[in-house]
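Below: the structure, in structure tokens.
We did not get these values from a lab; they are worked out from the coordinates using the rules stated. Note that the structure is predicted; figures quoted are calculated from it, not measured. Ideal geometry is used to build each Cβ from the backbone, glycine not excepted, and the neighbour counts take in all protein chains shown.
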Amino acid sequence: MATKPKSKFLSTRVTPETHKKFHVKSKKFGQPTQVLRDIIEAFNDDRLTIQPPVTRKEGIYHVN
């Protein structure tokens, strides 16, 4: 199965601490960009559930 060419970008600004934590943790699973792709694809396919933080309640969180 051939992969589709990637031509669109998604970006967000995070704190340096969040950036470092993500890169350290994601390297256990592959390159950080691939982990981001996997997260986005899982979200699009409804395979990803995001738990709301205690201090915020927003529409993206799946609450039973």
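Using a cut-off of 30 Å between alpha-carbon atoms, which lysines can reach residue 6, once sequence neighbours fewer than 8 places away in the same chain are excluded?
Residue 6 reaches 20, 21, 25, 27, 28.
According to a simple spin-label model (label point 7 Å from Cα along Cα-to-Cβ), what is the distance in nm between residue 55 and residue 23?
For residue 23 paired with residue 55, the spin-label model returns 2.5 nm.
So which trypsin sites (Lys or Arg not before Pro) in the range 1-54 end up in coil per DSSP with only 14 or fewer other C-beta atoms within 10 Å?
In loop regions of the range 1-54 (DSSP not H, G, I, E or B), the sparsely surrounded trypsin sites (Lys or Arg not before Pro) are 6, 8, 13, 27, 28, 47.
How far is it, in nm, from the label point at residue 45 to the one at residue 11 when both lie 7 Å from their Cα along the line to the Cβ?
2.8 nm
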